[in-house]
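Notes follow once the structure below has been shown.
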Amino acid sequence: MKRIITLIVLLFIISNTYSQNSHPHCGHELLMQKMEEQYPGYRDAVNNTFEAAKLRGKNSRTAGGNDVYTIPVVVHIVWNQPEENLADSVILSQMEVLNEDFRRLNVDAVNTRPEFDSIAGDPMIEFTLEEIVRVQTTTTFDVGLLGGLPDQAIKTTAGGGSDAWDPTCYMNMWVVHLNSDLGALLGYAYPPDGLPNWPAGSSAPEQAYEGVVIEYSAMGRNNPNPPPVAGFDIVGRTPTHEVGHYLGLRHIWGDGTGAIFGIPDCDVDDGVDDTPNAGTNSQAEGCDFTKNTCTEGSPDLPDMVENYMDYSTETCQNMFTQGQIDIMRGVLEGPRSGLLTGSCLPININDVANEKGLSIFPNPATNYLTVEANEVPVSIEIYDMLGQQIQLITNTQLTNTISLKATEAGLYLVKTTFDNGTATKKIMVN
C-alpha cells in the first residue's frame, strides 16, 4: 500500500510540475515512458540503435561519405477548428526552415558561440514535400500523463485522423492541435527503435505510427495563429527538433530524472561526445549563454543552449554538432534507409493492404510465413530493421509460403509490392 501511495504522490508532483510550467515542451520522454510500459525493452532497443547509428555515421564520415540525403515528406493536416487548417504557405515556410537548418544555411548560424563553432556542421540532409493531406475531423487529440499519446486518433482514418503513407519510404508529419494537460506540448516523434534487439515475445509498435507530430501553432515562420504560450517566438524550430528525434537524437541534457523538477542531473548524458553535459533543459532560462549546469573539468564548457535539441527559445537555436550529424546520417544509412530509395508509390500504407486484401501470418512466425492477397504481388521482400534485404520473392502467387528456417529471431519488415502501391508490415520471428 505504501508503494501505491508513493506512486500516486509522485505522479501528482510530476503532473503538477508539468501543468504549472508555462514553457512549451516536447513529448519525447513521455513517448519513451509509455512505449517502455507497453513494450518492455523498448528503451534498450532505441539505445542499441542509437549506438549502432553513431558508429555507422562516424565510419561513413571517416571514409569520406558526403552525399546529400533527401527525405520525402507527407504533411497531414488534421483539423477540427478552421484556424487549425493551415494554409499551404505555412507548410512551405516550414519546409524552408527544415532545409536551412539541416544544411546549416540558416542565417542565424553566425550566432553559434566560438567555443562551439568548430564542431557545428552541415548534416547534408534535405527534404522534399511530396503531398499535403487535409482531413477535417470532430476528434480532439488529448494528451495526458496517465492517458499517454493519441496516436490511433491522429494517425488512422478510423480514429478520426489520417492514415500514414508508407513510413518506410516517407516521413509522415501530422499537424494537429494537441490538447494537453501537461502544459504546452509542441510535438513528439518516434526515434528508430532497433527492433531486432527487442526481447523475444514482445510486440512491435504500429509501424504506421512512426513519424512526427507537431502542434499546429508551432509550424512555420509565417503562422498567423498565436503561439501556445504568450511571448514564445515561433520560427519553425519545433519541427527541426522533432525531426532530430525521428533521426535518432536525444535531448542534450539526456532526460535525467532530476531535470523534471529543475534539479541538475549531470550523471545522465545524451550519448553524443561533442555536446557538453547539461544537467537541465533551458526552457526556464530562454537563451542564457551563461548557463553551465555541469562541471566537466578543463575546459569546462557552458551548456549548449544554441543546440536544436535543447528547450531554449527557438530564436536561440542554430546548430547541430558533428556527433549529432553522425547519428542522423547513420540512421538514414541503416534503420531509415528506405526513405532514401524512393521506391514506394504515393499510396498510404493502409489503403494498399485493404484494397488488395493483404494478409500476412502467423505473427509471430517460426519456420514459415504466409503472404496472401486477392491480387498477385509484383514482389515480396523481407528486410531486417537495419534496412538490409534478406529475401526477395518475384515468382509470386495469390498465396505465398516463405521459409524462415535460416532467419534469426527478431523483428523484420515484409514489403509487398503491387502494380499500384506497396504495403509494409512488421513481423516477429521467434
Assuming GLY194 fulfils every condition listed in (1) small (Gly, Ala, Ser); (2) at pLDDT 90 or above; (3) within 16 Å of the chain's Cα centre (by Cα) apart from one, which condition is it?
(2)
Among the residues of the stretch 74-90, are any among the hydrophobic types (A, V, I, L, M, F, W, C), at pLDDT 95 or above and part of a helix (DSSP H, G or I)?
no
Please go through the stretch 66-82 and give me each residue that is surrounded by 14 or more Cβ atoms within 10 Å (Cβ to Cβ) and over 18 Å from the mean Cα position of the chain (by Cα), ordered by number.
VAL78, TRP79, ASN80
Leading residue by the ranking (farthest from the chain's Cα centre (by Cα)) among those in the stretch 123-177 that are crowded, with 17+ Cβ neighbours inside 10 Å and assigned to a helix (DSSP H, G or I):
ALA153
Restricting attention to the stretch 397-418, report how many residues are in contact (Cβ under 8 Å) with a residue 24 or more places away in the chain, within 12 Å of ALA373 (Cβ to Cβ) and either of a type outside the set (Val, Ile, Thr) or not in a strand (DSSP E or B) (or both).
3
Of (1) in a helix (DSSP H, G or I); (2) of a type outside the set (A, V, I, L, M); (3) modelled with pLDDT of 70 or more, ASN16 satisfies every one except (3)
Name the pairs: first residue in the stretch 362-373 and assigned by TED's automatic domain parsing to the domain that holds LYS425 and aromatic (Phe, Trp, Tyr), second residue in a strand (DSSP E or B) and modelled with pLDDT of 90 or more, Cβ to Cβ under 7 Å, at least 6 apart or on different chains?
TYR368/THR401; TYR368/ILE402; TYR368/SER403
Enumerate the pairs (first residue in the stretch 176-201 and in the same structural domain as ASN80 (by TED's automatic domain parsing); second residue anywhere and part of a loop (DSSP other than H, G, I, E, B) and at pLDDT below 60) with beta-carbon separation below 6 Å, excluding pairs fewer than 6 apart on the same chain, so at least 6 apart or on different chains.
GLY183/ASN21; LEU195/ALA204; LEU195/MET385; PRO196/MET385
Per-region count, the stretch 356-381, residues part of a strand (DSSP E or B) and either under 13 Å from TYR412 (Cα atoms) or within 30 Å of the chain's Cα centre (by Cα) (or both):
9
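The values are calculated or read from the model by the stated rules, or taken from the named source; none is laboratory data. Values in this document were obtained by computation on a predicted structure and should not be read as measured data. FYI the Cβ positions are ideal-geometry reconstructions off the backbone, even for glycines, and counts take in every protein chain you see.
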